[in-house]
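Please treat every number below as a calculation from the coordinates, not as lab data. Bear in mind that the values here come from a model prediction, so they are computed numbers and not experimental data. Heads up, the Cβs are rebuilt from the backbone with ideal geometry, glycines too, and the neighbour counts pull from every protein chain shown.
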Amino acid sequence: MSSYDYTKDPSGFVLLSDLVPQAIQEIRYFSTYNFIGERIDGYEEPCALITAEAARALKSVSNELGVIGYRLKVFDAYRPTAAVKQFVFWALEDNDVRMKPYFYPDINKEDTISLGYIASRSSHSRGSTIDLTLLDMQTGKELDMGTPFDFFGELSHPDNRDVTNEQYENRMLLQRAMVRNGFVPYECEWWHFTLENEPYPDTYFSFPVSSAYLKRNRV
């Protein structure tokens, strides 16, 4: 018997843009520019959905960093369980490696699970995890973090000192602001944070990434 709950009820979720309109969104799994190379199951709109509690915490992060000239840029937030299943199938069964040069040049695709880059149950499906970076409002460019988002390799570990000092400090700028506002970093990915006091620690959601679905099914 599983100790986890699975549900399609989006009642506790919001559109991130409603609470943090200044955050830029580039939802990679709605596009074909991701480590699989195609739109991912469950992503019906290029929008970030997230729990209300995590959105409020991100608003504080955004306000704090906005004062010193940075905006949040979001790549992914809530991730349906269907997407997670697709990731696992891709890692174990799919022979397609077309995106290897861009996202996992130094590791074998089948090792993405054992190395911690793909999980059979993702914290994203609990609704309070976010993947993001920072944009410099003066230059209009993302800060250089040493690797792209979703680069599978040790260079993406936040504390890896094989990056330049500037790249490391950029990672720490993001990490410190997130931690101050209640998020916990992930040791393998500089872009990945989960709200420490997440409201649904044992619940995995399966509804689609869709503002229309969210509006239709709120109770």
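Here are the numbers:
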{"quantity": "Computed magnitude of the charge dipole of segment 16-151 (debye, nearest 20; Cβ of K, R +1, Cβ of D, E -1)", "calculated": "260"}
{"quantity": "Per-residue [θ]222 nm for the chain (sum of -39500 (n - 2.57) over DSSP H runs n ≥ 4, rounded to 500)", "calculated": "-7500 deg cm²/dmol"}
{"quantity": "Exposure proxy order (Cβ contacts within 10 Å, fewest to most) of Tyr102, Tyr200", "calculated": "Tyr102, Tyr200"}
{"quantity": "Rounded to whole Hz, the Karplus (6.51, -1.76, 1.60) HN-Hα couplings of segment 148-161, x for glycine and proline", "calculated": "x, 4, 6, 7, 8, x, 4, 5, 7, 5, x, 8, 5, 9"}
{"quantity": "21 Å tail of the calculated P(r), the chain, as % of Cα pairs", "calculated": "53"}
{"quantity": "Dipole axis of the chain (+1 Lys, Arg; -1 Asp, Glu on Cβ), positive-most option in Phe89, Ala54, Leu135", "calculated": "Ala54"}
{"quantity": "Partner lysines for Lys109 [C-alpha distance under 16 Å; skip if fewer than 8 residues away on the same chain]", "calculated": "Lys85, Lys100"}
{"quantity": "Cβ-defined net charge surrounding Thr32, 11 Å radius [Lys, Arg +1; Asp, Glu -1]", "calculated": "+2"}
{"quantity": "Arg161-Ser17 pseudo-label distance in nm [points 7 Å out on the Cα-to-Cβ vector]", "calculated": "4.3"}
{"quantity": "Per-residue ³J(HN,Hα) for segment 53-66, Karplus 6.51 cos²θ - 1.76 cosθ + 1.60, θ = phi - 60°, Hz, x for Gly and Pro", "calculated": "5, 5, 4, 5, 5, 5, 4, 5, 4, 4, 5, 5, 6, x"}
{"quantity": "Footprinting exposure proxy for Met172, Met178, Met99 (fewest neighbouring C-beta atoms within 10 Å first)", "calculated": "Met172, Met99, Met178"}
